1. Taking segment 143-153 only, how many residues are touching a residue at least 24 places away in the same chain (Cβ under 8 Å) and surrounded by fewer than 19 Cβ atoms within 10 Å (Cβ to Cβ)?
2. Leu65 passes all but one of (1) more than 18 Å from Leu187 (Cα to Cα); (2) more than 22 Å from the chain's Cα centre (by Cα); (3) open to solvent by less than 70 Å² (accessible area, probe 1.4 Å); which number fails?
3. Output the number of the condition that Leu73 fails; it satisfies all remaining conditions of (1) in contact with a strand residue (DSSP E or B) (Cβ under 8 Å, 6 or more places away or on another chain); (2) modelled with pLDDT under 95; (3) part of a helix (DSSP H, G or I).
4. Here is a list: Lys148, Lys166, Lys129. Which entry is within 23 Å of Ala54 (Cα to Cα) and either touching a strand residue (DSSP E or B) at 6+ places or on another chain (Cβ under 7 Å) or at pLDDT 95 or above (or both)?
5. Filter segment 84-99 down to the residues that are open to solvent by 20 Å² or more (accessible area, probe 1.4 Å) and touching a residue at least 60 places away in the same chain (Cβ under 8 Å) and list them by number.
6. Part of a helix (DSSP H, G or I), open to solvent by 40 Å² or more (accessible area, probe 1.4 Å) and not aromatic (Phe, Trp, Tyr): which single residue out of Glu81, Glu127 fits that description?
Amino acid sequence: MAKMQFSIFIAVVALMVCSASAKTLSPPAPMLPPSPAPAPAPENVNLTALLSVAGPFHTFLDYLLSTGVIETLQNQANNTEEGVTIFVPKDDAFKAQKNPPLSNLTKDQLKQLLLFHALPHYYSLSEFKNLSQSGPVNTFAGGQYSLKFTDVSGTVRIDSLWTRTKVSSSVFSTDPVAVYQVNRVLLPEAIFGTDVPPMPAPAPAPVVSAPSDSPSAADSEGANASSPTSSHKNSGQKMALAPIAMVVSGLVAMLL
């Protein structure tokens, strides 16, 4: 009986030793770093709110709202990876647009005109340098509505045959939305045709007369002093004084 109890004791001790050895030899579980938090989604830009406070761009914004084009541009900005670039004329540009008048456009033509002011891709100002080398760029209005860009020492110029203007300032430019101010309304050839009226000739520079103390005036006075008329007057004065000089000379001789 005692031998059996001793054997059981030895077996229990051996089991405990093996279990302790196994725990000692097994490597600890690795500590994994916490997973980084996902990057927050970019905040959507409200184009209506942006154009309401900038500019003033009230005329352009009113056209966008009345035609529903604002929804097209907003969807492009919020729900696509391409983003959108918009060229916005100020209110003064619409007031100055007399020929051709925009009041004669149909609703569909006005919609195309507004889409002609947008590109279906986000472009920063620095990207227009490469864009100017790629030829005409299709606008949101479609393939027949294209714009030409040139970059002259950092100044972005836009050409639509009817309109030659430039980007005068950056209103907002953060991917995926870029809004740039332009000085004139962009007029597409697809609406207004190719019969572009000639540009008015620039006004001639005003003629500025030289001041009286300028070298030219002094030269003129010198020329007048040395003219034949002036010399004739001087000789006449000398002849009138000659008899007086002779009388004075005779009186002096008699006194001597």
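1. Selection size over segment 143-153: 1.
2. Status for Leu65: all satisfied but (3).
3. Failing condition for Leu73: (2).
4. Numbers: Lys148 fails: within 23 Å of Ala54 (Cα to Cα); Lys129 fails: within 23 Å of Ala54 (Cα to Cα).
When all the criteria are applied, what remains is Lys166.
5. Answer for segment 84-99, where residues must be open to solvent by 20 Å² or more (accessible area, probe 1.4 Å) and touching a residue at least 60 places away in the same chain (Cβ under 8 Å): Lys90, Phe94, Ala96, Gln97, Asn99.
6. Exactly one of Glu81, Glu127 is part of a helix (DSSP H, G or I), open to solvent by 40 Å² or more (accessible area, probe 1.4 Å) and not aromatic (Phe, Trp, Tyr), namely Glu127.
The values are calculated or read from the model by the stated rules, or taken from the named source; none is laboratory data. On a predicted model such as this, the values are computed, not experimentally measured, just so you know. All Cβ positions, glycine included, derive from the backbone under ideal geometry; neighbour counts span all protein chains shown. Keep in mind that these areas ignore ligands, DNA and RNA; they rest on the heavy atoms of the full protein, side chains included. Shrake-Rupley method; radii C 1.70, N 1.55, O 1.52, S 1.80 Å.
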